[in-house]
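FYI, it's all coordinate maths here, none of it is from the lab. Owing to the predicted nature of the structure, the values given are computational and were not obtained by experimental measurement. Note that we place each Cβ from the backbone using ideal geometry, even for glycine, and neighbour counts take in every protein chain shown.
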Ligand code: G3P
């Protein structure tokens with residue numbers, strides 16, 4: 001071991017919806033070592049989607065261990081890893097016991113839509129009792145909805161954590177009991193992972209990071225504090241909440257494993273992580289990550305822009321404790337890569353996800369097919385939980401290739417829909433869109449996006465942007481390599497190699513015709529499941 005070289009690297013643990021990876025970066029964002037592992041998904045009832053928090057923890061620690069082994073095999077000492085960052089699927093909700101440190105039930109995943117009734121209940125409360133905005137003063141009906149949006153940047157939806165936590169307390173006796181006896185700890189995924197990496201029940205810290213907290217419906221977006229009015233509205237005691245922390249600071253140290261003693265210096269929700277990793281740090285810069293779902297974030301700088309067109313306001317990052325936060329407008333698409341998985345696993349059109357590129361490229365167009373991939377309703381900018389998946393324009397001419405192409409186009413149309421809203425909300429015309437995520441590997445998909453969207457699409461060569469974002473935040477906490485999130489110019493040297501730009505080629509007339517037809521298809525898919 002003594003022959004191993006010492007370097008200076010940053011590790012990033014990326015806990016996504018279907019897999020975890022741990023990546024070690026050097027100062028230019030070259031990947032030095034990495035390991036990725038999938039973990040089980042549980043779908044116990046239609047619309048339900050669960051994870052086992054302990055399985056996620058085990059897989060996370062296994063990824064760290066395997067990456068360190070590979071690092072050493074490549075001739076580097078594991079002591080080269082000076083700091084780690086963590087980035088994670090957001091909104092997924094975990095409830096565990098303060099006394100035992102064990103989860104009290106499975107995690108409810110962000111995609112899960114079992115809580116429609118809880119949403120309906122709180123819509124009713126908002127309409128009748130209202131939300132207390134000042135002592136003894138309530139806002140009701142539309143004013144109540146606006147008050148909730150003013151405070152949180154969000155709307156009532158099955159998507160957000162408070163709704164999921166309410167379901168757990170109402171439906172899991174153990175969670176209810178723990179809440180009653182003040183034994184309950186709540187957290188989104190970063191909170192759970194940090195708690196365990198720093199010692200769990202034996203001294204683990206219970207912290208929650210602000211970009212993740214901005215997806216719970218419990219954070220005051222303006223003050224970056226938990227809001228007592230919201231806690232009363234949803235009926236939670238304050239002691240269940242983690243201590244709020246920024247996206248870049250030393251929170252604690254790893255208590256065990258090959259990186260024992262290494263500081264944790266960055267925490268960030270995965271979509272905000274990708275925004276940072278794509279270096280979209282200034283007002284007007286935007287990225288879209290095409291993973292299980294697709295998430296478009298548009299940086300609005302120091303301003304919280306309230307959307308009038310179906311988008312959410314969210315924290316992009318807070319560069320250190322007490323630092324001014326940077327905000328973003330977000331449009332979330334529920335189904336992106338998961339539609340390709342569906343073509344592979346349920347329809348059998350392809351054997352591997354990457355085959356979709358060849359299949360889609362085998363035909364020049366969709367043959368008139370449109371696919372609204374509303375598998376569990378539609379998120380931004382339509383927000384219709386009752387929308388149903390819709391394939392329209394089918395004829396005896398239609399082949400799997402046309403449907404594959406229509407699946408890709410669905411992403412492009414939904415991206416355009418979000419950007420149309422962003423244009424109206426921010427009155428800024430987007431210059432280019434940075435992209436990353438599994439679906440961006442295929443050139444055909446990127447050409448479609450540029451054509452349908454009518455904007456330039458920039459795809460970096462190294463597309464682990466999410467992990468890179470959390471590494472940059474962690475490196476910034478230690479000012480390693482001079483990385484400083486507060487001074488975006490210091491990141492100019494990072495990940496600069498080989499990006500490719502896709503320009504729109506489609507005639508404007510064709511673009512508009514396709515767009516109008518897409519809008520008609522969306523209208524037909526809406527309100528199916530009333
Ligand atoms: O809001 C959910 C999002 O954070 C999930 O991201 O990459 O795991 O699909 P991903």
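Points to keep in mind about this one:
- Euclidean distance of C-alpha centroids, region 286-344 and region 57-135, integer Å: 17 Å
- Convex hull volume of the Cα atoms of region 266-355, normalised per residue: 111 Å³.
- Here region 1-118 was treated as a single set of alpha-carbon atoms; its pair distances binned every 5 Å from 0 give 2, 11, 18, 18, 15, 12, 9, 7, 5, 2, 1, 0, 0 percent.
- Viscosity 1.002 mPa s, 20 °C: Kirkwood-radius Stokes-Einstein D of region 425-530 over Cα pairs, µm²/s: 128 µm²/s
- From least to most packed, judged by other beta carbons within 10 angstrom and beginning with the fewest, 109, 83 follow the order 109, 83.
- For the chain, the Kirkwood estimate of the hydrodynamic radius, built from every pair of different alpha carbons, is 23.5 Å.
- Distribution of pairwise C-alpha distances over region 179-248, 10 Å bins, in %: 21, 52, 25, 2
- Protection proxy ranking, highest mean first, for peptides 476-484, 276-284: 276-284, 476-484, where packing is the per-residue count of other beta-carbon atoms within 10 Å, averaged.
- Counting all C-alpha pairs of region 164-283, share separated by more than 25 Å (%): 30 percent
- Region 449-493: mean projected area of Cα convex hull, nm²: 4.1 nm²
- Rg/Rg_ref, region 390-451, where Rg_ref = 2.2 N^0.38 Å and atoms are Cα: 1.34
- Sequence ranges 127-135, 226-234, 365-373, 324-332, ranked by mean other-Cβ count within 10 angstrom, highest first: 324-332, 365-373, 226-234, 127-135
- Arranged from fewest to most other beta-carbon atoms within 10 Å of their beta carbon, 351, 70, 106 become 351, 70, 106.
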